[in-house]
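A short worksheet on the structure shown next.
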Amino acid sequence: MENVELVTFMREHDGVTPEDASAQLGVSTRTLRKYVARANESLSGSAVVELSRGEGYRLRVLDQEDLDAWIAAQGGGHACLACKTSEERVNYLLNDLLMRNDWIKLQELSQALFVSKSALSGDLKKVEERLRPYDLVLEKRSHYGIRVTGGEMSRRLCLANAAIDASSATGASGVTGGLNTLVLKNFVGGGASKITRRCSMPSPSA
């Protein structure tokens with residue numbers, strides 16, 4: 001088991017008992033203790049997995065900045081440190097999957113987002129919902145992973161709308177408001193009808 005997998009599990013199962021943790025991770029309690037000791041050594045003081053009597057295991061963060069750096073290193077330098085909510089993770093996944101044509105394994109995405117595979121599964125269901133209006137499909141294949149399949153124009157439209165949604169969610173109205181129809185048409189090759197309706201043109205007095 002990778003250190004990041006254990007730390008991810010502990011972060012999402014605050015207060016889990018040794019017995020429950022062992023059962024869910026598929027290891028003995030003795031092996032679990034070894035994994036915890038190894039993870040704590042790797043964390044080097046940025047955080048620590050603690051076991052308290054009557055409270056179970058907890059991940060106690062000691063230095064968030066150092067922990068973020070550790071996560072990035074564990075994720076091969078591609079960890080999404082800013083993805084704190086499910087919606088942020090969904091936007092990250094949409095962007096990543098739409099920009100690539102190759103397969104990517106769930107474990108890679110799980111480590112990049114620093115979430116468990118069960119949490120990732122829930123996020124991917126939302127991704128599929130976002131892809132459906134564009135006739136895009138999230139293809140899954142054993143031993144390969146996942147990838148998005150569909151027309152190039154549909155991918156561009158979905159990607160552009162996802163960027164607008166992400167900016168709107170963060171309150172960046174000045175950015176999205178400044179996107180004009182000509183720029184969007186250039187981006188999607190002249191098929192920006194769906195996007196145009198969702199962009200506000202700057203007022204003449206602005």
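Comparison of 142, 46, 42, 86 shows that the only residue that is outside the structural domain of residue 17 (by TED's automatic domain parsing), in contact (Cβ under 8 Å) with a residue 12 or more places away in the chain and hydroxyl-bearing (Ser, Thr, Tyr) is 86.
Considering only residues in the stretch 17-74 that are farther than 18 Å from residue 116 by Cβ and in contact with a strand residue (DSSP E or B) (Cβ under 6 Å, 6 or more places away or on another chain), the one that is surrounded by the fewest Cβ atoms within 10 Å (Cβ to Cβ) turns out to be 60. Exactly one residue among 53, 38, 58 is in contact with a helix residue (DSSP H, G or I) (Cβ under 8 Å, 6 or more places away or on another chain), of a type in the set (D, E, K, R) and over 22 Å from residue 72 (Cβ atoms), and that residue is 58. Return yes when residue 109 is over 26 Å from residue 24 (Cα atoms), among the hydrophobic types (A, V, I, L, M, F, W, C) and part of a helix (DSSP H, G or I) and no when it is not. So residue 109 fails the test. Select from the stretch 111-128 the residues that are closer than 14 Å to residue 86 by Cβ, under 11 Å from the mean Cα position of the chain (by Cα) and polar (S, T, N, Q) and list them in ascending order. Of everything in the stretch 111-128, those that are closer than 14 Å to residue 86 by Cβ, under 11 Å from the mean Cα position of the chain (by Cα) and polar (S, T, N, Q) turn out to be 116, 121.
Filtering the stretch 129-162 to residues that are of a type in the set (Lys, Arg) and part of a helix (DSSP H, G or I) leaves 130, 132, 155, 156. Determine whether residue 57 is free of Cβ contacts under 8 Å to residues at least 60 places away in the same chain and in contact with a Pro (Cβ under 8 Å, 6 or more places away or on another chain). The answer is yes for residue 57. Please go through the stretch 117-167 and give me each residue that is touching a Ser or Thr at 6+ places or on another chain (Cβ under 7 Å), crowded, with 17+ Cβ neighbours inside 10 Å and within 14 Å of residue 100 (Cα to Cα), ordered by number. Of everything in the stretch 117-167, just one residue is touching a Ser or Thr at 6+ places or on another chain (Cβ under 7 Å), crowded, with 17+ Cβ neighbours inside 10 Å and within 14 Å of residue 100 (Cα to Cα), namely 136.
The values are calculated or read from the model by the stated rules, or taken from the named source; none is laboratory data. Bear in mind the structure is a predicted one, so any value in this text is a computation, not a measurement. Reconstructed Cβ throughout: ideal geometry from the backbone, glycine too, with neighbour counts over all protein chains shown.
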